[in-house]
Amino acid sequence: MADVKAAPYEMPVTGVHIWYYYICKREVWLIIHQIAADQDDENIDLGRFFNEQTYQRDKKELSLGHIKVDRVREENGELVVGEVKKSSRFKESARYQLLYYLDTLRQMGVQARGELLFPKERRRERVEWTPEAKQELEKAVADIRRIARLPVPPPPKKISFCKKCAYREYCWAEEN
């Protein structure tokens, strides 16, 4: 009988991990370790509302493995996947989350383009997969997996996102 070594387990990375990676690495650790955010936080409710109540015509959620795309539609024979965000304030983070979805679909043999949707601003932004984005995503995924293996979360860093973060009490309770 041949000696077969199992491949090392790689934690699945989700679009949510990618989104928070570009905002707050501490929050990535908290999410991965299933430490619940304040579910009564108004920003969580607002995000759910925007996702559920906007772009009803395109309302076709798609779950594939470890990704969950907000909107899917066909336009002129081209598959378009959309990600809904309440504002463009963290556009880079949203862009990489959507690029991660496009890359995952591409690995499955599905060609698509992306669209960031900002209903509050009545804006759409086109997002295209590129080899450069793929390289950046590979680095982010490797770092997310490194962060996940840390025994404790990275130390908190004050950023503008903290004011509206559902984990703010977890990070800054001593300051309140």
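The values are calculated or read from the model by the stated rules, or taken from the named source; none is laboratory data. Everything numeric in this text was worked out from a predicted model, so none of it was measured. Glycine gets a Cβ as well: all are built from the backbone with ideal geometry, and neighbour counts include every protein chain shown. The accessibility values were calculated without ligands, DNA or RNA, using every heavy atom of the protein model including side chains. Shrake-Rupley method; radii C 1.70, N 1.55, O 1.52, S 1.80 Å.
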### Query
Can you name every residue in region 119-176 that is in contact (Cβ under 8 Å) with a residue 40 or more places away in the chain, more than 30 Å from residue 82 (Cα to Cα), not aromatic (Phe, Trp, Tyr) and not in a loop (DSSP other than H, G, I, E, B)?
169, 171
### Summary
If we take region 48-109, then strands (runs of 3 or more DSSP E) inside it with 3 or more residues that are at pLDDT 80 or above and within 15 Å of residue 123 (Cα to Cα) are 78-84
#### Entry: Complete set of residues in region 111-137 that are closer than 12 Å to residue 98 by Cβ and in contact with a helix residue (DSSP H, G or I) (Cβ under 7 Å, 6 or more places away or on another chain)
112, 114, 116, 127, 129, 133, 137
### Message
For region 92-107, check the following and say yes or no: at least one residue is surrounded by fewer than 15 Cβ atoms within 10 Å (Cβ to Cβ) and more than 22 Å from residue 139 (Cβ to Cβ).
### Response
no
### Query
For residues in region 25-47 being closer than 14 Å to residue 97 by Cβ and modelled with pLDDT of 85 or more, which is surrounded by the fewest Cβ atoms within 10 Å (Cβ to Cβ)?
31
### Query
Restricting attention to region 99-117, does a residue exist that is touching a strand residue (DSSP E or B) at 6+ places or on another chain (Cβ under 6 Å), in contact (Cβ under 8 Å) with a residue 60 or more places away in the chain and at negative phi?
yes
### Query
Which of (1) modelled with pLDDT of 95 or more; (2) open to solvent by 20 Å² or more (accessible area, probe 1.4 Å); (3) touching an Asp or Glu at 6+ places or on another chain (Cβ under 7 Å) does residue 142 not meet, given it meets every other one?
(3)
